Amino acid sequence: PTAPCGHNYGLVHSLTNNGQDGNKSMALSASIDQVIVNELKQKNGGNHPTRVPALAMGVGEETFVYQKPFFSGRSAQVPVDSDPQNIFRTKLFPNGAGLANQDVLRATRKRKLVLDYVKEEIAAVKPMLGTLERQRLEQVSDNVSDLSKSLDGVANARSCEMPLSPGAGRGGWDHTTTQVPRLVQIALACDITRVIGISCNSPPNRITGFSGGLHGMPTIHELIHQTQPGSSLRNNGGARAVTRKMYAGGAGVYASILKQLDETLEPDGSTLLDNSIVLWASEISEGGHGVHNHKWIVAGSAGGRLRTGRYVAFGNPRRGQSAADKTQPSHGDFLLTLAEAMGAAPSNFGEARAIKGPITSLLG
């Protein structure tokens, strides 16, 4: 464990809705990802519904303990794997496991090719027939077209197709930002797991443009703090440009994951993103390690169970909210709402005093 730090406080609390241990670096209870995993297990008769209960992956270099926000219980930190090749070989496809869906996909594509061939033959024969025969053949053609369309979602899906294994290279910004979004798509499309956590570190200095001593700051961490309201570099264009590039790094990872899921078709014509929930959260929100006025983003609607396309604000962003405050939903209520949309529906989560229940206005 590292020395107490504002990032530790926020990170440990952010996904657990609970306090920290005496060192301020470990949670007192499980994070929402693990709560959902356990709820899905209970609802499935005590067995995990997927081969891998959950995945915890890292983007960028694995450096600090406070960049591991996932906990299976009190002081039980879930390891974060920053090696895409290891994740692929040991968790997703050990000894080729989990590839049965590819056989279904290949068979579906063959059936669609046959139906498309029949449609072409019908079109070629129809001009040579009389009126009655053409009408009957058109009925057959319509049935064939309907069957072919019903297979489009599966046949055109990128679905559960095993790609080449990621190349070697533990960590590293370029490697993980390329491979981790693809691993998310594979794991969900193949139904290897239902729950994935990703810890995204800051992009390297060569991407942000920061160098030691820039604007008098020894590290980019200090520089970012000084670009916050009321700080010395707040109106410094060069410093703010570096800050924007750092935040854009995390935004790019989030966008890549959404793109992978949105390009994956489900059998009913919807996308994998339509049937997922992708939360982008942070451990702190403002300068001075502030934890008020968080701005979290959710994409995907869990198959219509979550209302999207809105900006939602709760409470006063400039004040703290005690655990006993019942006037506004807590962030624990928000996380409980996401669990409800996933069909997990735990009765409680984290610090019980801060829970009022799922936010029904967010549910579809």
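The values are calculated or read from the model by the stated rules, or taken from the named source; none is laboratory data. Quick caveat: nothing in here was measured; it's all calculated off a predicted structure. Glycine gets a Cβ as well: all are built from the backbone with ideal geometry, and neighbour counts include every protein chain shown. Just so you know, the surface numbers come from the protein's heavy atoms only, side chains and all, with ligands and any DNA or RNA stripped out. Shrake-Rupley method; radii C 1.70, N 1.55, O 1.52, S 1.80 Å.
Among residues of segment 228-242 that are without any contact (Cβ under 8 Å) to a residue 12 or more places away in the chain, none has a beta-carbon under 6 Å from a residue that is among the hydrophobic types (A, V, I, L, M, F, W, C) at least six positions away or on a different chain.
Considering only segment 168-183, I want to know if a residue exists there that is among the aliphatic types (A, V, I, L, M), under 23 Å from residue 53 (Cα atoms), crowded, with 16+ Cβ neighbours inside 10 Å and modelled with pLDDT of 85 or more. Yes - at least one qualifying residue is present in segment 168-183.
Of all the numbered requirements in (1) modelled with pLDDT of 75 or more; (2) within 28 Å of residue 221 (Cα to Cα); (3) not polar (S, T, N, Q), residue 292 misses one, and that requirement is (1). For segment 103-111, the condition of being open to solvent by less than 90 Å² (accessible area, probe 1.4 Å) and at pLDDT 65 or above holds for none of the residues.
I want to confirm something. Restricting to segment 16-34 and keeping residues that are at pLDDT below 95 and in contact with a Pro (Cβ under 8 Å, 6 or more places away or on another chain), which single residue is least open to solvent (accessible area, probe 1.4 Å)? Ranking the qualifying residues of segment 16-34, first place goes to 25.
Just give me the residues in segment 339-364 being under 17 Å from residue 18 (Cβ atoms) and surrounded by 20 or more Cβ atoms within 10 Å (Cβ to Cβ), in sequence order. Residues satisfying the conditions are 339, 349, 350, 354, 355.
Just wondering, is there one or more residues in segment 35-51 that are part of a loop (DSSP other than H, G, I, E, B), open to solvent by less than 20 Å² (accessible area, probe 1.4 Å) and more than 25 Å from residue 293 (Cα to Cα)? For segment 35-51, residues part of a loop (DSSP other than H, G, I, E, B), open to solvent by less than 20 Å² (accessible area, probe 1.4 Å) and more than 25 Å from residue 293 (Cα to Cα): present. Among the residues of segment 303-313, none qualifies, meaning not one is at pLDDT 90 or above and either over 18 Å from the mean Cα position of the chain (by Cα) or within 26 Å of residue 201 (Cβ to Cβ) (or both). Taking every residue in segment 244-268 that is at positive phi and among the polar types (S, T, N, Q) and pairing it with any residue that is modelled with pLDDT under 95 and in a helix (DSSP H, G or I), at least 6 positions away or on another chain, yields no pair with a Cβ-Cβ distance below 8 Å.
When residue 274 is tested against the conditions (1) without any contact (Cβ under 8 Å) to a residue 12 or more places away in the chain; (2) under 26 Å from the mean Cα position of the chain (by Cα); (3) part of a loop (DSSP other than H, G, I, E, B), the lone failure is (1).
Okay, residues lined up against (1) part of a helix (DSSP H, G or I); (2) open to solvent by 70 Å² or more (accessible area, probe 1.4 Å); (3) over 21 Å from residue 281 (Cβ atoms); (4) touching a Ser or Thr at 6+ places or on another chain (Cβ under 8 Å):
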site	(1), (2), (3), (4)
186	yes, no, yes, no
194	no, yes, no, yes
198	no, no, no, no
215	yes, yes, yes, no
218	no, yes, yes, no
233	no, no, yes, yes
242	yes, no, yes, yes
247	yes, yes, no, no
251	yes, no, no, no
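Residue count for segment 202-213 satisfying the condition of being assigned to a loop (DSSP other than H, G, I, E, B) and crowded, with 20+ Cβ neighbours inside 10 Å: 3.
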